[in-house]
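Before any comments, here is the structure.
The values are calculated or read from the model by the stated rules, or taken from the named source; none is laboratory data. Just so you know, these numbers come straight off a predicted model, no measurement behind them. Neighbour counts are summed over all protein chains in view; Cβ atoms, including those assigned to glycine, are modelled from backbone coordinates with ideal geometry.
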Amino acid sequence: MKQLTLIFILSVLFTQSSCYRSYPEPYANLLQTLEGKWEESPGVGYREVWERSHSGLSGAGFMHSGNSYSQTEKIAIIIDDEKLIYTARVESQNEGRTVQFPLKSFSDSSLVFVNPHHDFPNLIAYEFLSDSLLKIRVEGITDSTMNFSFVLKRH
């Protein structure tokens, strides 16, 4: 009986892990580093949480309000034919539709996603300052007055 239980547990673990596709090179290290919870400071500002999914990474953005965080957006990085696409969905914007930002460029420490047809933002960039510090830039192409950036720490 113990052997059957062990075989069952191992088969479930194997099946669950095989549901996730591997991250394509050369993005694998960046995507693995992004997994987890990132926040400006505990109890202040913005937080992102990322986890591995069957299509790449899925996540959510949260704003601190009052004594807690409330979800402001659903985000994902989808692997589509070895290409990366950042997606964001904010219920109160774009009629609740998901907006896509294809990967424009990358380096050993950054991912830059661009959608020149979206009103704002047009560019979303993730730059790893270290394994525990992440700078996010959000920019418009034609109007820089709305641009902003912030640094998140891994928690």
ask   = Is one or more of the residues making up region 130-137 touching a helix residue (DSSP H, G or I) at 6+ places or on another chain (Cβ under 7 Å) and either hydrophobic (A, V, I, L, M, F, W, C) or surrounded by fewer than 14 Cβ atoms within 10 Å (Cβ to Cβ) (or both)?
value = yes
task = Filter region 17-32 down to the residues that are out of contact with any helix residue (DSSP H, G or I) (no Cβ under 8 Å at 6 or more places or on another chain) and in contact (Cβ under 8 Å) with a residue 40 or more places away in the chain, then identify the one that is farthest from Ser70 (Cα to Cα).
result = Pro26
request  = Of the conditions (1) at pLDDT below 90; (2) in contact with a Ser or Thr (Cβ under 9 Å, 6 or more places away or on another chain), Ile79 clears all except one; give me its number.
outcome  = (1)
Which numbered condition Gly43 fails, given (1) at pLDDT 95 or above; (2) out of contact with any Lys or Arg (no Cβ under 9 Å at 6 or more places or on another chain) = (1)
request  = For Thr98, indicate whether it is over 17 Å from Lys135 (Cβ atoms), in contact with a Ser or Thr (Cβ under 7 Å, 6 or more places away or on another chain), surrounded by 15 or more Cβ atoms within 10 Å (Cβ to Cβ) and at pLDDT 95 or above.
outcome  = no
ask   = Restricting region 42-76 to residues that are among the hydroxyl-bearing types (Ser, Thr, Tyr) and surrounded by 12 or more Cβ atoms within 10 Å (Cβ to Cβ), which is nearest to Ser92 (Cα to Cα)?
value = Thr72
Residues satisfying the stated conditions in region 107-155, i.e. in contact with a Lys or Arg (Cβ under 6 Å, 6 or more places away or on another chain) and in a loop (DSSP other than H, G, I, E, B) = Leu129, Ser132, His155
task = Would you mention how many residues in region 33-67 are over 19 Å from Tyr20 (Cα atoms), part of a strand (DSSP E or B) and touching a residue at least 40 places away in the same chain (Cβ under 8 Å)?
result = 9
query = Out of the residues in region 79-94 that are part of a loop (DSSP other than H, G, I, E, B) and in contact (Cβ under 8 Å) with a residue 12 or more places away in the chain, which is surrounded by the fewest Cβ atoms within 10 Å (Cβ to Cβ)?
reply = Glu82
